[in-house]
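Participant: I have a structure I would like to understand better, so I am pasting it below and will then ask my questions one at a time.
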Amino acid sequence: TDINTTEFLIEGMTCTGCEEHVTNEVKKLPGIIKTTTSYEIGNAIIEFDQTQTDIEEIERAISNTGYSVTEKKKIR
């Protein structure tokens, strides 16, 4: 399948505004199906079509918001 779900551990988010900032930036990419971001856990779980975008592009989008991706884990 072309659908990939990956958890990105993110450093620096402190509020729901941070979550929204990350979510909105990631959703600008093609192929994003679902994004669940939590500042409390410090992560974003992103489901995407890997024929349209990839983990590196998603990481760049998160980094563009000013937060740091510290780890990536493929869920499925």
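Participant: Go through the residues of segment 67-74 one by one and say whether even a single one is in contact (Cβ under 8 Å) with a residue 24 or more places away in the chain, in a loop (DSSP other than H, G, I, E, B), of a type in the set (Ser, Thr, Tyr) and touching a strand residue (DSSP E or B) at 6+ places or on another chain (Cβ under 6 Å).
Facilitator: yes
Participant: In segment 1-25, what residues are more than 14 Å from GLU71 (Cβ to Cβ) and in a strand (DSSP E or B)?
Facilitator: Hits for segment 1-25 are ILE3, ASN4, THR5.
Participant: Pick out the one residue from GLY31, GLY17, GLY66, GLY12 that is over 11 Å from the mean Cα position of the chain (by Cα), among the small types (Gly, Ala, Ser) and buried (at least 16 other Cβ atoms within 10 Å of the Cβ).
Facilitator: GLY31 is the lone residue from the list that is over 11 Å from the mean Cα position of the chain (by Cα), among the small types (Gly, Ala, Ser) and buried (at least 16 other Cβ atoms within 10 Å of the Cβ).
Participant: Answer yes or no: is there a residue in segment 38-60 that is hydroxyl-bearing (Ser, Thr, Tyr), open to solvent by less than 40 Å² (accessible area, probe 1.4 Å) and either assigned to a strand (DSSP E or B) or more than 20 Å from ILE3 (Cα to Cα) (or both).
Facilitator: yes
Participant: Here's another thing I want to ask about it. When the residues of segment 1-60 are filtered to those that are among the basic types (Lys, Arg) and in contact (Cβ under 8 Å) with a residue 12 or more places away in the chain, which remaining residue is farthest from LYS72 (Cα to Cα)?
Facilitator: My answer is LYS28.
The values are calculated or read from the model by the stated rules, or taken from the named source; none is laboratory data. Just so we're clear, the structure is a prediction, and the values are computed from it rather than from any experiment. Glycine gets a Cβ as well: all are built from the backbone with ideal geometry, and neighbour counts include every protein chain shown. We work out accessible area using only protein heavy atoms, side chains counted, and drop any ligands, DNA or RNA first. Shrake-Rupley method; radii C 1.70, N 1.55, O 1.52, S 1.80 Å.
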